[in-house]
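The values are calculated or read from the model by the stated rules, or taken from the named source; none is laboratory data. What you are looking at is a predicted structure, and each value in this text was computed from that prediction instead of being measured. Every residue, glycine among them, receives a Cβ derived from its backbone with ideal geometry; neighbour counts consider all protein chains shown. Just the protein is used for accessible areas: all its heavy atoms, side chains included, with ligands, DNA and RNA removed. Shrake-Rupley method; radii C 1.70, N 1.55, O 1.52, S 1.80 Å.
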Amino acid sequence: MTIAKSATDLLSKPLHHILVDAGVGSRKHTLSLVHSGRVCLNGEIAKDRFLTANLSVGDVVTLDGKVVIPEDLRYLLVHKPRGVLCSMNDEHDWKKELVGQRPLLSSLIPSHISERLGHAGRLDLDSEGLVLLTNDRRIMNLVIEPSGFCRKQY
């Protein structure tokens, strides 16, 4: 077991997590950005995928020369009615003729919310119910992981 050396070590995050938290892209996409040399930590190119930063102690992360600032955490509970696809986009649907034809969960998000949100869990097209939308990966993982603290009823 590894023990953190100080309290600030506990606040350090891998660079790709910081990029995800800033809404730059998915974990896989942000890992590729680090690997390609487009990400800098305190002015130095960061090619090590395991490199961490602590923004609260002054570390500065940049992507293509622009400072990366994590988004504020946002939590929304929305009621998904029947007939709404539980997806933020429809571009990868297996029924290509239906792409763009159905209302999406993303259409239920008020227009003034700019953060990139994901949904914790999913409901069938013909189901209705409460869905959590958030950009807080830690909470989302707690909700969707089988070993998480949320009991699921189907």
Let me check I've understood the local charge: for Leu19, count other residues with C-beta under 15 angstrom from its C-beta, Lys and Arg +1, Asp and Glu -1. What total comes out? +3
Convex hull of Cα atoms in segment 27-77, direction-averaged projection (nm²): 4.4
How far apart, in nanometres, would the label points at Asp72 and Ser26 be if each is projected 7 angstrom from Cα along the Cα-to-Cβ direction? 2.9
Please compute the net charge surrounding Arg82, taking Lys and Arg as +1 and Asp and Glu as -1 over other residues with Cβ under 15 Å from its Cβ. 0
List the pair-distance distribution P(r) of segment 26-136, using every Cα-Cα distance, as the percent of pairs falling in each 10 Å bin from 0 up to the bin containing the longest distance, rounded to whole percents. 12, 32, 25, 22, 8, 0
Quick one: accessible area per residue over segment 101-154, 1.4 Å probe, rounded to a whole number of Å²? 71
Whole-percent carbon and sulfur contribution to the accessible surface of segment 13-136 (1.4 Å, no ligands, DNA or RNA) stands at 54
